[in-house]
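The values are calculated or read from the model by the stated rules, or taken from the named source; none is laboratory data. The shown structure was predicted, so the numbers you read here are calculated from the model rather than taken from an experiment. Virtual Cβ from ideal backbone geometry, glycine too; neighbours counted across all protein chains shown. Note: areas computed on protein heavy atoms with side chains; ligands, DNA, RNA excluded. Shrake-Rupley method; radii C 1.70, N 1.55, O 1.52, S 1.80 Å.
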Amino acid sequence: MSADKGLLLTNTLTRTKEKFVPMDESNVRMYVCGPTVYDYAHIGNARPVVVFDLLARLLRQLYGANHVTYVRNITDVDDKINARARDEGITIRELTEKTAAQFHADMAQLGALNPDIEPRATEHIEEMKAMIETLVERGFAYVADEHVLFNVPSMPEYGELARRSLDEMVAGARVEVASYKKDPMDFVLWKPSGEGEPGWDSPCGIETPGRPGWHIECSAMSAKHLGETFDIHGGGVDLTFPHHENEIAQSRCAHGTPYMAKVWLHNGFLQVEGEKMSKSLGNFITVHELLDTDKVGGRKWDGEAIRYTLLQTQYRQPIDFTVKGLAEAEKQIQRWGDLFRKLEVVPSENPQPSAVVIEGLLDDLNTPRAFAALHKVARDARGGDKAAAQELADNLAFLGFNPKGWAEQQEETASNANVDPELAAFVEDLIGKRLDARRNKDFAESDRIRDELAAKGIVLKDSKNKDSGEIETTWSLA
Ligand SMILES: [Zn+2]
């Protein structure tokens, strides 16, 4: 058996699509930068989670379920966390626990499996300190004014990943000019903690307690769980510089290795309704808002429709996230769910993907190609071909969807006919009031009515009428 399974991945280090060959096919190792847990994950944060979840599923398919180690960290020490905890008047621990739990709940709704290992920064402070001391001993870092800084000019290859000129890097890193820095590009490995800030005994003989910089966290955690070098490092394209460039500098200089990860993968930017997502533009969308409130498009959305939408674009391409796209994804899910219901198809115990779907994914995770292949299978299934429907369901399950749940939802919609007419009238009345509330943008009232009905076991489902553009609501008994 060859380690080359025909997988091609675009490596940011070389800017080329390369054949992926793991260093050890009995343990394919991937690290992805995880969330800084101070706030709800926004839809841009969800993209790498879904993309690398799919890649982990593909690697397990190719190399075997027990031959892949997927690590995604939790950054639970960071200045943004300190500031937010202060604002909310809660402890740092309360904030990070609450936010990490919310992150897990949101990502589970998107069909993303947990990584194999999920290290927390606060549990790896000793490893970070050891790495920092090694960097100082080897002449790549220095102590100044109770800080430890990485000296960028000490590493000639610095900038290889980002491929930027020094001027661009200085501008891109928004470098903090500080008198204690030898070079403006030098970045923080360790800094002193003030009153009320989390702090640990400092390395390198510094007396004031301190805390690590963000970049050293990933270098220390990846080395601990995957080794000094590993196969794949992933993250959003916005992390390429300075975060990933700095991770490479720290890891390579501390371990004396020619690379940190062999392949660097970056997913493209995410926009919302054609614009850059930002709090000031008011188009900042969290996964929680999509799943649990009526804030986006006046209704709640299904996590699987979000996953489906994110996977319609190849991971390197920029994606425009729209309500229209979400509604289309949901329609597709309903249509396929109806098909599975009618043909009484559920995914196999151990669902295997089709060769055509694997072919698409092997080509740099070309999900549009994989879905195009599925649409062909779906056409045969619609003609009543049960084997094709089975193939479709198995592929969807492999891609991280729950087609069994789709069929069950359609079942509920279809079985509403024999409900007590008095209850039906009551529900219809409240649905009308909720639609009124929504037209008046009173989403609190709209949420309240939804919750009131949910407490009675009534589940609402919104969809947009194709012709009128109006939102329509159907309901079912849970
Ligand atoms: Zn990182």
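Within the accessible surface of the chain, defined with a 1.4 Å probe on protein heavy atoms only, the carbon and sulfur portion equals 49 percent. For the chain, the residue among Val148, Phe340, Ile248 whose Cα projects farthest onto the positive side of the dipole built from Cβ charges is Phe340. Anything over 32 Å Cα to Cα? Flag those among Lys80/Lys300; Lys279/Lys456; Lys386/Lys461; Lys331/Lys433, in the order listed. Too far apart for the 32 Å limit: Lys279/Lys456. Note that the chain shows a convex hull volume over its alpha carbon atoms of 161 Å³ per residue. Among the trypsin sites (Lys or Arg not before Pro) in the range 373-449, those placed in a DSSP loop whose Cβ has at most 14 other Cβ atoms within 10 Å are Lys441. In terms of the mean number of neighbouring beta-carbon atoms within 10 Å, the peptides 3-11, 122-130, 421-429 order highest first as 122-130, 3-11, 421-429.
Heavy atoms of the protein chains alone define the surface here; on that basis the chain has 44 Å² accessible area per residue at 1.4 Å probe size. Averaging 1/r over every pair of different alpha carbons in the range 272-417 and inverting the result gives a Kirkwood radius of 16.3 Å. In plain terms, if you count all Cα to Cα distances in the range 1-137 and split them into 10 Å steps from zero, the share in each step is 10, 32, 31, 21, 5, 0 percent.
When the Cα atoms of the range 419-477 are aligned to their principal axes, the ranges along those axes come out at 30, 26, 15 Å in descending order. Taking Cα atoms only, the orientation of helix 125-137 departs from the longest principal axis of the chain by about 40 degrees. Here Lys17 is the anchor, and the lysines within straight C-alpha reach of less than 22 Å, apart from those fewer than 8 places off in the same chain, are Lys5, Lys262. Applying the criteria of a DSSP loop state and at most 11 other Cβ atoms within 10 Å to the GluC sites (Glu not before Pro) of the range 136-209 yields Glu176, Glu195, Glu207. Given axes a ≥ b ≥ c from the Cα gyration tensor, I'd like to know whether the range 369-478 is rounded (a/c under 1.5), prolate (a/b larger than b/c) or oblate. In terms of gyration-tensor shape, prolate.
The chymotrypsin sites (Phe, Trp or Tyr not before Pro) of the range 140-221 that DSSP puts in a loop, and whose beta carbon has at most 15 other beta carbons within 10 Å, are Tyr180. Rounded to the nearest 10 degrees, the inclination of helix 79-88 to the longest alpha-carbon principal axis of the chain is 50 degrees. The Cα center of the range 129-193 and the Cα center of the range 367-435 differ in position by 54 Å. In degrees between 0 and 90, to the nearest 10, how far off the longest principal axis of the chain does helix 43-63 point, with axes built from Cα atoms? Compared with the principal axis, the helix lies near 90 degrees.
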